[in-house]
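Asks: Structure provided below as structure tokens; questions to follow.
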Amino acid sequence: MTQRTRNWLLLAPAGTWFLVMLIVPLTVVFIFSFGERAPSGGVVLALTFEQYANLPARWAAFKNTMTLAPIGTLSALIIAYPLAYFLAVKANPRWKTILLVLVIVPFWTSILIRSYAWIFLLGGRGIPALLEWVGIEGLRLINTPFAVLVGIIYGYLPLMVFPIFVSLDKLDKRLLEASSDLGAKPWKTFLQVTLPLSIPGIATGCMLVFILLMGEYLIPALLGGGKVFFVGNALVDLFLQSRNWAYGSAVAVTLVVIMLITVTIYMRLISRLGASREDVSIM
Amino acid sequence: MTKNIDHISKKELMDKLESYRKGSITRRHFLNVTGLGAAAAVMGASVPGLRPQPAFAGDIGDRVVLATWPNYHEPANFDAFTDATGAHVQVNVFGSNEEMLAKLQAGATGWDVYVPTNYTFEDYVKEDLIEPLDISQLPNYDPSAFDARYAEAGSVNGKLYGVPKNWGSTGMAINTKHNGGNAISSWREFFDITMDKFSGRTIVHDYQLTTIGSALNAFGYSFNSVDEKELADAEKLLIDVKPHLFAITSDYQPGMRNGDAWLTICWSGDGKQLNSDMPEIAYVLGKEGGEIWSDYWAIPKSSERKAAAYALINFMLDPNVNVKEVLAHGYPTADSRTYDKLPDDLKSDPIIFPAQELLSPLEFGAAVTLTDPNRAELMARFKSA
């Protein structure tokens, strides 16, 4: 067996997987997006741009996704960074493993059940009732964009913590000592040494969270009460309720294109910030 | 027909009611939400060790998959079926007929029994998705026991496709505590009060038939209208009312129960369940009209366990079993044999069996409302507005 054949054989499982589970479905969706809705639902193949012309009817869904996904990613980053920093740099090594496990523990329960718990926490008998007790009245949390944001940060925080933790954990502590020996104040050391060296982790974490958020369905459905609508929710409606597969496909293709463009711009920005492309481990 | 035709004892009835009362909350947590709750049930059922052991090895297989609506069954009946046949009942919960149809159109659902509503049968037959029923395999089915109004939609072109499960109405549930102890009586009031002192407290269904239907009723139009001008009026009303809504969801019991929501479009059985637990919640029918409906037991053509499907339907048609279903879900039965077994206070319950003059303005859903693309798109626009 030549080196070449062996390489191909080793690549075959992954290649087949990508072909069958990614390329073929995407092609089908792309073809459907030029079709029309069949009379009792589904799709009739055609060559029309009608579905794309109708995209503005889902403007609100795209707008919600394109605002809450970046806000959610940034909020998760702001909350995750100090936590990851503490775990990697400050935490007593004896406790480190236990603390890391604690970050993962929520993943042992389904996101559905965890989000359902937030319905009760954010509902009228949860946090608003506690606030009423200290004098803040009439606060509505559940079924608002804020509730969706809380659910997003809660659900995606571990995905942000781990990449940042890994890049901070790898950080050579002697660099920090060197910086300090050369007279840098702690905050300057952080800004000039720690932060730049953790950019690969930040970039990976943001990418993971952002991409998943763009396709989010469950959290807005549960905590937004059907009123905070993401593209994912619009897609579920188009395929399961109004059964307009052609229009649904056009919305899906548009979402994929928007994500490709956003991610490309994002990669450019990151590499300009100093991290080389290879450092972002998921690309 | 059945070996055991005894009425259930008073004590057994009280026990049932009590267990329903205690059990209902936990059941709801997991069954409802988006229908995704079913995933938990599926996962549980797929672990062999978690399945109940059959009393004897039946020849209908080890399971039967049921696609149904939320808060719609007495779980103890499923356990009894498993004890009797060895087949475990796997329950998938859905929020609308549209969703069920979409899943069946896409193929490979794995369902054996489902519970479609009257207005969907024509399409299921047209699309060849539904199995004609072999009545010889349903010895508990006695056509003469059923009120024809709630049974006729199960037959298309003289062929039987569905046997009646129960019927019900679609009205509204209001927490009267927040309206000076008073209920409201029309869909016009429903939308007016939502945009006024109930702002942020009202739920409409995530279901085009009932949500658009209610808005049409508020204008005095037909619940089933597909007229463009009338639909445009309904859309304008829905878009105006949207900022005042608490939620758009067919899972409205949790919100009503914990006090976040005060008013909702409501199916009569949910109305009964809410009213039993919280008497301040009233269930009323809109005087302009609304929906009257009948759900049926049916078998999708794609079922691979038809023997198990027939066995489950036949089991549920047993009046002794069905009466427990009625006590659990609170919907009226069209089966006179089951009706006779109900306790007297339920027979005269105004929510379960409303007076005829209240029922007369109600309409059965029409086949065209299921497939009309404009209604479907209107609902989607309203939700993403």
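Asks: What ³J(HN,Hα) values, in whole Hz, does the Karplus curve 6.51 cos²θ - 1.76 cosθ + 1.60 give for the range A:230-241 when θ = phi - 60°, with x put for Gly and Pro?
Replies: 9, 4, x, 5, 4, 5, 4, 4, 5, 8, 9, 9
Asks: All other residues with a Cβ under 10 Å from the Cβ of B:LYS242 taken together, and with Lys, Arg as +1 and Asp, Glu as -1, what is their net charge? Intermediate results must be reported in sequence, preceding the final value.
Replies: Working: positive: A:LYS227, B:LYS383; negative: B:ASP240.
Taking every Cβ under 10 Å from that of B:LYS242, the sum is +1.
Asks: Now, a different point. Suppose R0 equals 60 Å; then what is the FRET efficiency for A:LYS188 and A:VAL256 from their Cβ-Cβ distance, rounded to the nearest 0.05? All intermediate terms of the calculation are to be shown ahead of the outcome.
Replies: Numbers: r = 43 Å, r/R0 = 0.71.
Efficiency computed from Cβ-Cβ geometry: 0.90.
Asks: Something else: Order by neighbour count: B:PHE315, A:PHE18, A:PHE32, fewest other Cβ atoms within 10 Å first, most last.
Replies: A:PHE18, B:PHE315, A:PHE32
Asks: Another question, then. Among the GluC sites (Glu not before Pro) within the range B:265-337, which fall in a DSSP loop and have no more than 16 other Cβ atoms within 10 Å of their own Cβ? Don't skip to the answer; put the middle values down first.
Replies: Working: sites: B:GLU280, B:GLU288, B:GLU291, B:GLU304, B:GLU325; in loops: B:GLU280, B:GLU288, B:GLU304.
Here the sparse-neighbourhood loop sites are B:GLU280, B:GLU304.
Asks: Under 5 Å between amide hydrogens, which residues at least 5 positions from B:TRP297 or on another chain qualify, with H placed 1.01 Å from N in the peptide plane?
Replies: Answer set, sorted by chain and number: B:VAL163, B:LYS165.
Asks: Which net charge results for the neighbourhood of B:PRO143, defined as the other residues with beta-carbon distances under 13 angstrom from its beta-carbon, given Lys and Arg at +1 and Asp and Glu at -1? Mind dumping the intermediate values first?
Replies: Working: positive: B:ARG337; negative: B:ASP142, B:ASP147, B:GLU152, B:ASP335.
With Lys, Arg at +1 and Asp, Glu at -1, the net is -3.
Asks: Pairs A:LYS227/B:LYS197; A:LYS227/B:LYS165; B:LYS242/B:LYS272; B:LYS165/B:LYS242; B:LYS126/B:LYS229; B:LYS177/B:LYS272: which exceed 24 Å Cα-Cα?
Replies: Correct reply: A:LYS227/B:LYS165; B:LYS242/B:LYS272; B:LYS165/B:LYS242; B:LYS126/B:LYS229.
Asks: Once amide H atoms are built 1.01 Å from N in the peptide plane, which residues 5 or more positions from B:ARG63, or in another chain, come under 5 Å H to H?
Replies: It is B:HIS88, by chain and number.
Asks: How many partner chain Cβ atoms sit within 10 Å of a residue's Cβ in peptide B:374-383, on average, as a whole number? Don't skip to the answer; put the middle values down first.
Replies: Values: counts 1, 1, 8, 8, 1, 3, 12, 4, 0, 9.
Shielding by partners across B:374-383 averages 5.
Asks: Specify the angular offset, from 0 to 90 degrees and rounded to the nearest 10, of the alpha carbon long axis of helix A:93-104 from the longest principal axis of the alpha carbons in chain A.
Replies: 10 degrees
Asks: Here is a further query. Give me, ordered by chain and number, the residues 5 or more places off B:ALA261 or on other chains with an amide H under 5 Å from its own placed amide H.
Replies: When sequence neighbours closer than 5 places are left aside, the close amide H contacts are B:MET256.
Asks: Considering only B:ILE313, B:VAL326, B:ALA247, whose Cα is most displaced toward the positive end of the charge dipole of the range B:242-333, charges sitting on Cβ of Lys, Arg (+1) and Asp, Glu (-1)?
Replies: B:ILE313
Asks: Taking 0.36 nm per residue of sequence separation and subtracting the Cα-Cα distance, how much length would be gained by fully extending the chain between A:ALA12 and A:ALA178, in nm to one decimal? Each step should come with its number before you reach the end.
Replies: Details: separation 166, 0.36 × 166 = 59.76 nm, distance 4.82 nm.
Contour length minus the Cα-Cα distance gives 54.9 nm.
Asks: Among all the aspartates and glutamates, which ones have a C-alpha under 15 Å from A:LYS173's C-alpha, if same-chain residues fewer than 8 places away are not counted?
Replies: A:ASP181
Asks: Checking a compactness column here: for chain A, what do you get for Rg(Cα) / (2.2 N^0.38 Å), N being the number of residues? Kindly include the intermediate steps, with their values, before the conclusion.
Replies: Numbers: Rg = 23.0 Å, N = 283, 2.2 N^0.38 = 18.8 Å.
Normalised Cα radius of gyration, chain A: 1.22.
Asks: A follow-up question, please. Rounding to the nearest 10 and keeping the result within 0 to 90°, find how far the Cα-based axis of helix A:3-18 lies from the longest principal axis of chain A.
Replies: Computed tilt is about 60 degrees.
Asks: Right, another one. Based on alpha-carbon centroids, what's the gap between the range B:124-187 and the range A:124-157 in Å, whole number please?
Replies: Centre-to-centre distance over Cα atoms comes out at 40 Å.
Asks: I've got another one for you. Would you please name the chymotrypsin sites (Phe, Trp or Tyr not before Pro) within the range A:122-229 that are DSSP coil residues with at most 16 other C-beta atoms within 10 Å of their C-beta? The partial results should precede the final answer.
Replies: Details: sites: A:TRP133, A:PHE146, A:TYR154, A:TYR156, A:PHE165, A:TRP187, A:PHE190, A:PHE210, A:TYR217, A:PHE229; in loops: A:TYR217, A:PHE229.
Answer by residue number: A:TYR217.
Asks: Let me ask something additional. With angles folded into 0 to 90 degrees, how steeply does helix A:245-272 sit against the dominant principal axis of chain A? Use alpha carbons for both and round to 10.
Replies: 30 degrees
Asks: Give me B:MET379, A:MET1 ranked fewest to most by other Cβ atoms within 10 Å of their Cβ, as a rough exposure proxy.
Replies: Details: B:MET379 25, A:MET1 6.
By the 10 Å Cβ count, ascending, the order reads A:MET1, B:MET379.
Asks: Which one of A:PRO106, A:PRO220, A:PRO163 has the biggest mean-square fluctuation once chain A is modelled by GNM with Cα springs under 10 Å?
Replies: It is A:PRO106.
Asks: Who wins for biggest fluctuation among A:LEU83, A:LEU68, A:LEU47 in a Gaussian network model of chain A, springs between alpha carbons below 10 Å?
Replies: Ranking A:LEU83, A:LEU68, A:LEU47 by mean-square fluctuation puts A:LEU47 first.
Asks: Within the protein assembly as shown, what percent of beta bridges assigned by DSSP are antiparallel, to the nearest 5? It would help to have the intermediate numbers written out before the result.
Replies: On the way: 23 of 38 bridges.
Of those bridges, close to 60 percent are antiparallel.
Asks: I need the fraction of alpha carbon pairs in the range B:134-271 separated by more than 24 Å, rounded to a whole percent. Before the final figure, lay out each step's value.
Replies: Working: 3988 of 9453 pairs.
Beyond 24 Å sits 42 percent of the P(r) for the range B:134-271.
Asks: A follow-up question, please. Quote to one decimal, in nm, the extra length available between B:LYS347 and B:LYS177 on full extension: 0.36 nm per residue of separation minus the C-alpha distance between them.
Replies: On the way: separation 170, 0.36 × 170 = 61.20 nm, distance 2.71 nm.
58.5 nm is the gain from fully extending B:LYS347 to B:LYS177.
Asks: Here's something else I'd like to know. How far apart, in nm, are the 7 Å Cα→Cβ label points at A:ALA129 and A:LEU212?
Replies: Once both label points are built, they end up 3.1 nm from each other.
Asks: Highest GNM mean-square fluctuation, chain A, Cα pairs closer than 10 Å: which of A:ALA53, A:ALA14, A:ALA252?
Replies: Ranking A:ALA53, A:ALA14, A:ALA252 by mean-square fluctuation puts A:ALA14 first.
Asks: Still on this structure, please answer the following. What whole-number distance in Å separates the alpha-carbon centres of the range B:313-366 and the range A:1-65?
Replies: The distance from the Cα centre of the range B:313-366 to that of the range A:1-65 comes to 47 Å.
Asks: How far apart, in nm, are two points set 7 Å out from the Cα along the Cα-to-Cβ line at B:ALA106 and at A:ILE98?
Replies: For the pair B:ALA106/A:ILE98, the computed spacing is 4.5 nm.
Asks: Further question: Work out from phi, with θ = phi - 60° and the Karplus expression 6.51 cos²θ - 1.76 cosθ + 1.60, the ³J(HN,Hα) of each residue of the range A:109-122, listed in order in whole Hz, and give x for Gly and Pro.
Replies: For the range A:109-122, the Karplus-derived couplings read 10, 4, 4, 4, 5, 5, 5, 4, 4, 5, 4, 6, 5, 8 Hz, x marking Gly and Pro.
Asks: Further question on the same structure: For the residues B:ASP206, B:ASP349, B:ASP134, what sequence is obtained by ranking on other C-beta atoms within 10 Å, fewest first?
Replies: Details: B:ASP206 24, B:ASP349 17, B:ASP134 11.
Ranking B:ASP206, B:ASP349, B:ASP134 by Cβ neighbours within 10 Å, fewest first, gives B:ASP134, B:ASP349, B:ASP206.
Asks: Could I ask something else about it? For the pair B:SER336/B:GLU363, report the inter-label distance in nm, with labels modelled 7 Å from Cα in the Cβ direction.
Replies: Those two pseudo-labels are separated by 3.1 nm.
Values quoted throughout were computed directly from the atomic coordinates according to the rules given, and no laboratory measurement underlies them. Only a predicted model underlies this, so the values are computations on that prediction, with no experimental measurement involved. Don't worry about glycine lacking a Cβ; one is built from the backbone with ideal geometry, like all the others, and counts go over all protein chains shown.
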